Amino acid sequence: GRRVRIEGRTMTGGYSPGIAVDRISDLGPAPLPAPAVVSLAKIASGQWDGQYVEVRGVVRAASLHPTGQWTVDIASERHRVTVTVEHGSQTDPADWVDGVVRLRGVAGVNANRLGQLVSAALRVWQMEDFELYEPPHKDPFSAEAQPIQSIMKYSVEPIEGRRVKVSGTVLHQRRDGTLYLQDQSGGVMVGCRPPASLSAGDRVEVLGFPVWGDYSPHLEDASFRRLGSGSPPVPAEVTVEHLGKGQLDTRLVLLEATLLEHIRSP
């Protein structure tokens with residue numbers, strides 16, 4: 001909100017052109033300009049670097065740094081951008097997960113040493129620059145779970161990037177906390193935040209954001225609620241030919257074959 005006079009020399013910059021400042025003068029307070037209303041897709045392109053913008057998206061995650069800065073991840077139409085909030089307040093953006101927000105800030109990018117775009121970013125001065133446009137559900141686990149096979153299929157009520165709820169049995173958990181979950185209709189890979197700590201056979205309810213996978217959708221930024229423990233489902237007996245079709249992606253299977261080689265990787 002301050003008007004300034006800058007004297008300096010143009011320079012290449014880390015991504016877009018910039019100014020190497022020789023002298024800067026404060027000319028007093030001034031109203032902020034009207035922000036350009038743009039999509040996250042345009043922010044992700046990097047072409048709005050350094051400009052004052054207004055965007056809208058679904059909150060995917062929020063975390064507080066020891067420095068007092070908040071980072072809020074928002075997403076829309078397959079694009080995801082991290083927002084850095086310079087000054088916090090009593091508002092906890094973690095309560096906004098799965099809500100739709102509208103915010104004003106400065107578009108930025110993260111570039112590599114060659115000046116190539118790695119990812120887009122947004123910088124917001126304070127939490128008051130956020131507007132909770134559509135709040136999340138107060139009790140999301142009270143929603144009815146949908147079959148795993150129905151994720152990202154046609155619906156008369158489009159979710160527009162919002163969370164979905166599924167329930168099933170844990171098949172496997174990787175070291176990074178990623179879960180493989182299966183119900184009577186199929187299986188799904190689930191990335192939890194924070195990472196889950198579960199065992200094969202546990203029955204859980206999961207809230208997660210659906211995204212495209214190589215063969216089938218998977219869920220990101222998920223939270224879970226453990227319902228109890230039990231045994232994993234009976235695996236489907238398959239052949240190598242079945243596996244090659246990709247139709248059993250994330251399902252528990254039983255394969256009888258001859259071991260040819262065992263490779264240990266880092």
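Where is the GNM fluctuation largest for the chain (alpha-carbon springs, 10 angstrom cutoff): 40, 171, 243?
Between 40, 171, 243, it is 243 that shows the largest mean-square fluctuation.
Over the range 63-132, what is the relative contact order in whole percent, taking alpha-carbon pairs under 8 Å and six or more residues apart? It would help to have the intermediate numbers written out before the result.
Details: 116 pairs, mean separation 22.0, N = 70.
Contact order relative to length: 31 percent.
Determine the share of the range 1-61's accessible area contributed by carbon and sulfur atoms, expressed in whole percent, with a 1.4 angstrom probe.
Here carbon and sulfur together make up 53 percent of the probe-accessible area.
Rounded to whole Å and sorted largest first, list the principal axis extents of the Cα atoms in the chain.
75, 46, 38
Please return the longest range in the chain lying between exposed loop sites, taking chymotrypsin sites (Phe, Trp or Tyr not before Pro), DSSP loop only, at most 13 other beta-carbon atoms within 10 Å, and leaving the sites out. Please list the in-between numbers first.
Details: sites that count: 154, 212, 215.
In the chain, the maximal stretch lacking such sites is 1-153.
Arrange the residues 237, 86, 205 by how much accessible surface each exposes, largest first, with a 1.4 angstrom probe.
Details: 237 150, 86 70, 205 30 Å².
Ranked from most to least accessible, the order is 237, 86, 205.
So if a site counts as exposed when it's one of the trypsin sites (Lys or Arg not before Pro), its DSSP state isn't H, G, I, E or B, and it has at most 10 other Cβ atoms within 10 Å, what's the longest stretch of the chain without one? If you can, show how the numbers build up before the last one.
Values: sites that count: 113, 138, 153, 175, 245, 264.
Longest stretch, sites excluded: 1-112.
Assuming 0.36 nm per residue, please report the length gained on full extension of the stretch residue 185 to residue 264 beyond their Cα-Cα distance. Spell out each step's value before the answer.
Numbers: separation 79, 0.36 × 79 = 28.44 nm, distance 3.36 nm.
Fully extending the segment from residue 185 to residue 264 adds 25.1 nm.
For the range 145-266, with only Lys/Arg (+1) and Asp/Glu (-1) charged at the beta-carbon, what is the dipole magnitude about the Cα centre, in debye rounded to 20?
Its charge dipole is roughly 400 debye.
Tabulate in residue order the Karplus-calculated ³J(HN,Hα) for the range 49-54, using 6.51 cos²θ - 1.76 cosθ + 1.60 with θ = phi - 60°, rounded to whole Hz; enter x for Gly and Pro.
3, x, 10, 7, 9, 10
Need the full-extension length gain, residue 128 to residue 5, defined as separation in residues times 0.36 nm minus the C-alpha distance. One decimal, nm. Walk me through the numbers on the way to the answer.
Working: separation 123, 0.36 × 123 = 44.28 nm, distance 2.71 nm.
Taking 0.36 nm per residue and subtracting the Cα distance, the gain is 41.6 nm.
Whenever you get a sec, compute what percent of the accessible area on the range 224-266 sits on carbon and sulfur atoms (1.4 Å probe). List each step's numbers first, then the result.
Working: 2050 of 3920 Å².
Here it works out to 52 percent.
Explain nothing, just the number: relative contact order of the range 112-187, from Cα pairs under 8 Å at least 6 residues apart, as a whole percent. Could the numbers behind the result be given before it?
Numbers: 50 pairs, mean separation 19.5, N = 76.
Averaging sequence separation for qualifying contacts and normalising by length gives 26 percent for the range 112-187.
Can you find, among 114, 208, 96, the residue sitting farthest towards the positive end of the charge dipole of the chain, where Lys and Arg contribute +1 and Asp and Glu -1 at Cβ?
114
Just how large is the dipole of the range 121-166 about the Cα centre, in debye to the nearest 20, putting +1 at every Lys and Arg Cβ and -1 at every Asp and Glu Cβ? Display every interim value, and only then the final one.
Values: 6 positive and 8 negative charges, 61 e Å.
In total the dipole reaches around 300 debye.
Name the residue, out of 50, 28, 99, whose mean-square fluctuation peaks in a Gaussian network model built on the chain with Cα pairs under 10 Å.
Maximum among the listed residues: 28.
What's the magnitude of the charge dipole for the chain around its Cα centre, counting Lys and Arg as +1 and Asp and Glu as -1 at the beta-carbon? Answer in Debye, nearest 20. All intermediate terms of the calculation are to be shown ahead of the outcome.
On the way: 28 positive and 31 negative charges, 123 e Å.
With Lys and Arg at +1 and Asp and Glu at -1, about 600 debye.
What percent of all Cα-Cα pairs in the range 106-255 falls into each 5 Å bin, going from 0 up to the bin containing the maximum distance?
Histogram of Cα-Cα distances, whole percents per bin: 2, 8, 15, 17, 16, 13, 11, 8, 6, 3, 1, 0.
Leaving out ligands and nucleic acids, note down the accessible area per residue over the chain with a 1.4 angstrom probe, in whole Å².
Details: 17070 Å² over 266 residues.
With the other protein chains kept in place, the chain gives 64 Å² per residue.
With N denoting the number of residues in the range 39-146, provide Rg(C-alpha) divided by 2.2 N^0.38 Å, to two decimal places. Intermediate values should be presented prior to the final figure.
Values: Rg = 14.4 Å, N = 108, 2.2 N^0.38 = 13.0 Å.
Relative to the 2.2 N^0.38 Å estimate, the range 39-146 comes out at 1.10.
Accessible area of the range 93-213 with a 1.4 Å probe: how many percent of it is carbon plus sulfur?
Details: 3270 of 6790 Å².
Summing carbon and sulfur atoms, their accessible area is 48 percent of the total for the range 93-213.
The values are calculated or read from the model by the stated rules, or taken from the named source; none is laboratory data. None of these values were measured; they are calculated from a predicted model. Virtual Cβ from ideal backbone geometry, glycine too; neighbours counted across all protein chains shown. We work out accessible area using only protein heavy atoms, side chains counted, and drop any ligands, DNA or RNA first. Shrake-Rupley method; radii C 1.70, N 1.55, O 1.52, S 1.80 Å.
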